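**Student:** A single structure is presented below for examination.
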Amino acid sequence: MKIQDLECGDLLLSRDSSDMSQAIQESTGKYSHIAIYLESQVYHATKENGVIRQKLSDFLTDYGDAVFVYRYPRIDCQQTLANAKKHLGKPYNVSFRPGTESFYCSQYIAAILPIFGTIPMRFGDSSQEISPFWKSYYAKLGVPVPVGQPGSNPSQLAKSPHLRFLGRLDTAPVDRC
């Protein structure tokens, strides 16, 4: 899919090779991050900056190695944009726990686009309930791992029957000859 074919409300899902991304993918599926394209900008929750709005080019610098596009054909872009803006500046939900005034990426998308449900959260892989990465991560936070708590993840959101998969985003420059 070409960048110029992005539409208001398209969901951008990605994965990368960071330790956190790999742990998310091992526990939940092939994606580790989700964002939404609104007003030619990208809205998402990041660990570094909380809930932000940024230029697509900046988003692609950070996540562009593997970005996949999903579309919700019945989206109300104005309402979704209003929902997205009211959470700008809120902090990142580092504990992934429900019911906070902070957001992790899929929690933010589910809050602004209420077509998604929650599922019991997983922090393990096929051989263990909690992986060593998550044990260490939560030990540093000083809180229990929220296994089974209601939550969401990018791969779960991508499986929604409300969405259409459009393909991998081609981030190559547009030839303007």
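**Student:** Within the range 1-130, how many Lys pairs that are eight or more residues apart, or on different chains, come under 20 Å at the alpha-carbon?
**Tutor:** Lysine pairs meeting both conditions in the range 1-130 amount to 9.
**Student:** Here's another thing I want to ask about it. At 1.4 Å probe radius, can you tell me the per residue accessible area of the range 4-66 in Å²? Show your work: numbers first, answer last.
**Tutor:** Values: 2800 Å² over 63 residues.
For the range 4-66, the per-residue accessible area is 44 Å².
**Student:** In the range 115-177, what trypsin sites (Lys or Arg not before Pro) fall in a loop by DSSP, with at most 16 other Cβ atoms inside 10 Å?
**Tutor:** Passing sites in the range 115-177 are Lys159, Arg176.
**Student:** I'd like the accessible area for Leu169: 1.4 Å probe, protein heavy atoms, all chains in place, Å² to the nearest 10.
**Tutor:** 10
**Student:** For Cys105, what accessible area in Å² do you get when you roll a 1.4 Å probe over the heavy atoms of the protein chains, rounding to the nearest 10?
**Tutor:** 10
**Student:** Given Gln128, Leu169, Leu81, which one lies farthest toward the positive end of the charge dipole of the chain, if we put +1 on the Cβ of every Lys and Arg and -1 on the Cβ of every Asp and Glu?
**Tutor:** Among Gln128, Leu169, Leu81, the one farthest towards the positive end of the dipole of the chain is Leu81.
**Student:** Excluding residues on the same chain fewer than 8 positions from Lys159, give the aspartates and glutamates whose Cα lies under 17 Å from its Cα.
**Tutor:** Straight-line reach from Lys159, under 17 Å: Asp10, Glu26.
**Student:** If you roll a 1.4 Å probe over the chain with all protein chains in place, what percent of the accessible area is carbon or sulfur? Write out the running numbers ahead of the final one.
**Tutor:** Details: 4480 of 9050 Å².
Of all accessible area on the chain, carbon and sulfur atoms account for 50 percent.
**Student:** Could you tell me which trypsin sites (Lys or Arg not before Pro) in the range 10-117 are loop residues by DSSP with no more than 10 other beta carbons within 10 angstrom of their beta carbon?
**Tutor:** Arg74
**Student:** Report the FRET efficiency, 1/(1 + (r/R0)^6), for Ser40 and Glu101, where r is their Cβ-Cβ distance and R0 is 35 Å, rounded to 0.05.
**Tutor:** With a Förster radius of 35 Å, E is 0.80.
The values are calculated or read from the model by the stated rules, or taken from the named source; none is laboratory data. Keep in mind that this is a model prediction, so the values were computed, not measured. Here the Cβ is made from the backbone with ideal geometry for all residues, glycine too, and neighbour counts use every protein chain on show. Heads up: the accessible areas ignore ligands, DNA and RNA and are worked out on the full protein's heavy atoms, side chains in. Shrake-Rupley method; radii C 1.70, N 1.55, O 1.52, S 1.80 Å.
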